[in-house]
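The block underneath contains the structure these notes are about, expressed in structure tokens.
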Amino acid sequence: MPIQQPNRVDTVDAAMQLALSLAARGPARDPNPQVGCVLLAPPAAGGEPRRILGRGFHRGAGTPHAEAAALADARADGADVRGATAVVTLEPCAHSGRTPSCADALLEAGVAEVVYAVADRNPIASGGAERLRASGVRVREGLRAAEGESLLRVWLTNVTERRPFVTLKLASTLDGKVAAADGSSQWITSDAARSHAHQRRAEACAILVGTGTQRADNPSLSVRGPASKVAAQPLRVVMGLRDVAADAAVRAQPELFVHLRTHNPAAALEELRARGVRHVIVEGGPTIAAAFLRAGLVDEIDAYLAPILLGDGASSVASLDIGSLRDANRWATESVHPLGVDTLIHLVREPQAASAPSRTAGIEGVAA
């Protein structure tokens, strides 16, 4: 399928922006990273915009990598790539598996320069930059690295921490309540916020709640609405020691139901990783949220805030055993989006919060 894009760019930076947009078209749930590549003709005299020779992105495990796809795109147009610049969102791999080494493919094509955003941290595939430099190719790293790492955040967590990436979803009132004093909780947020949450579910491999939330709300944990038409359903995961009723909504598709009989978040993630899960959304309740936060196993937070005040009722997060403001669990606001009458605040870990105080912390004081 041809990729319709501009035929020239003024700068290598503009080419990287294009490569990042191509990378985002790859499958989010795939075990391989989302990568995009743009091949530029050698610089023209007089600083004229550089012609784009080829474009490509990785379409999933077993398909050509982005560099190979861009080379194939260029060759299909009869373009000569000798002396070209390859602009890639991830360092070209040096590993030959189901597909050949991208570093070798670029060398064989006669590419003169490679510019990439993010270094490959997978020990099996890294080393492409060194191989290219050793063969006389000019290599530059770090162009738009922050954007590249944001796009690759799930994959990077998988390869560096050897666990699934964790999104904590919080949906609460302005004063942080998830239920009123009488226990009523549906619906705190609006249709617009819930629709967005289903789009987020469609990006994840698994949705996780505790047995308390499962019993109280009987959620289906499925993707519904428009997102369900374009995404496979995620695993429906219940974490805790109590049994899950045979007629529970999460059991509607038995092949997607997983019961993790543990109170230990690290153990839960280890089992999910063994099942091929790369990204899990933790949706509650307060005790589960606190357990993952105490263990330092939350990578980002989607906080949906409704313009409601309750005063009394259940808090969105249970005790974190923090007695002083100086010890607060702090997060960095990455973006703020209005969703109907509600507001979504997307937060990421601050650097000092990136390492866990205890990877073995579990759910304390909870009946089985």
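Okay, here's what the table says:
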read-out	value
14 Å beta-carbon shell around Leu305, net charge (K/R +1, D/E -1)	0
Ranked packing of 61-70, 320-329, 84-93, most packed first, by mean Cβ within 10 Å	84-93, 61-70, 320-329
Taking N as its residue count, the alpha carbon Rg of region 186-229 over 2.2 N^0.38 Å	1.19
In Hz, Karplus ³J(HN,Hα) per residue of region 32-38 (6.51, -1.76, 1.60; θ = phi - 60°; x = Gly, Pro)	8, x, 7, 9, x, 9, 10
Over the chain: helical MRE at 222 nm, DSSP H runs n ≥ 4 each giving -39500 (n - 2.57), nearest 500	-7000 deg cm²/dmol
Long-range amide H partners of Val118 with built H, under 5 Å	Leu90, Glu91, Gly142
Rel. contact order, % - alpha carbon contacts under 8 angstrom, at least six apart, region 1-155	20 percent
Region 245-352 - convex hull of the alpha-carbon atoms, volume per residue in Å³	172 Å³
Amide proton proximity set for Gly56, modelled H, under 5 Å, gap of 5+	Cys37, Ala70
Spherically averaged projected area in nm², based on the convex hull that wraps the Cα atoms of region 165-276	7.8 nm²
Positive-end residue, the chain charge dipole about Cα centroid, Cβ charges, pick of Val280, Thr63, Gly210	Thr63
Rounded to whole Hz, the Karplus (6.51, -1.76, 1.60) HN-Hα couplings of region 42-54, x for glycine and proline	x, x, 8, 4, x, x, 5, x, 8, 6, 8, 8, x
Size-normalised alpha-carbon gyration radius of region 1-79, reference 2.2 N^0.38 Å	1.11
Accessible surface, per residue, of the chain when the full set of protein chains is kept, probe 1.4 Å, Å²	46 Å²
Mean shadow area of the chain over all directions, Cα convex hull, nm²	20.8 nm²
The chain: relative contact order in percent, alpha carbon pairs under 8 Å with at least 6 residues between	14 percent
Per-pair calculated FRET efficiency, R0 = 45 Å: Thr333 and Ala252 via Cβ, rounded to 0.05	0.80
Hz values of 3J(HN,Hα) by residue in region 163-174 - Karplus curve (6.51, -1.76, 1.60), Gly and Pro given as x	7, x, 6, 10, 9, 9, 9, 10, 10, 8, 6, 4
Carbon and sulfur %, accessible surface of region 163-349 computed with the full protein complex present, 1.4 Å	52 percent
Highest-fluctuation residue, Ala274, Ala171, Ala125 considered, GNM on the chain with Cα pairs under 10 Å	Ala274
For region 163-349, alpha-carbon Rg relative to the globular expectation (2.2 N^0.38 Å, N residues)	0.98
DSSP beta bridges in region 8-158 [antiparallel fraction, %, rounded to 5]	55 percent
When region 85-202 is reduced to its Cα atoms, the Kirkwood hydrodynamic radius in Å	17.5 Å
Sorted largest first, extent of region 8-158 alpha carbons per principal axis (Å)	45, 27, 27
Fraction of accessible area attributable to carbon and sulfur, region 8-158 (%, probe 1.4 Å)	49 percent
At most 11 other Cβ within 10 Å, DSSP loop - GluC sites (Glu not before Pro), region 111-168	none
Spin-label model distance (nm) - Ala145 vs Arg25, 7 Å beyond Cα toward Cβ	2.8 nm
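The values are calculated or read from the model by the stated rules, or taken from the named source; none is laboratory data. Because the structure is a prediction, the values reported are computed rather than measured. FYI the Cβ positions are ideal-geometry reconstructions off the backbone, even for glycines, and counts take in every protein chain you see. Heavy atoms of the whole protein, side chains included, go into the accessibility calculation; ligands, DNA and RNA do not. Shrake-Rupley method; radii C 1.70, N 1.55, O 1.52, S 1.80 Å.
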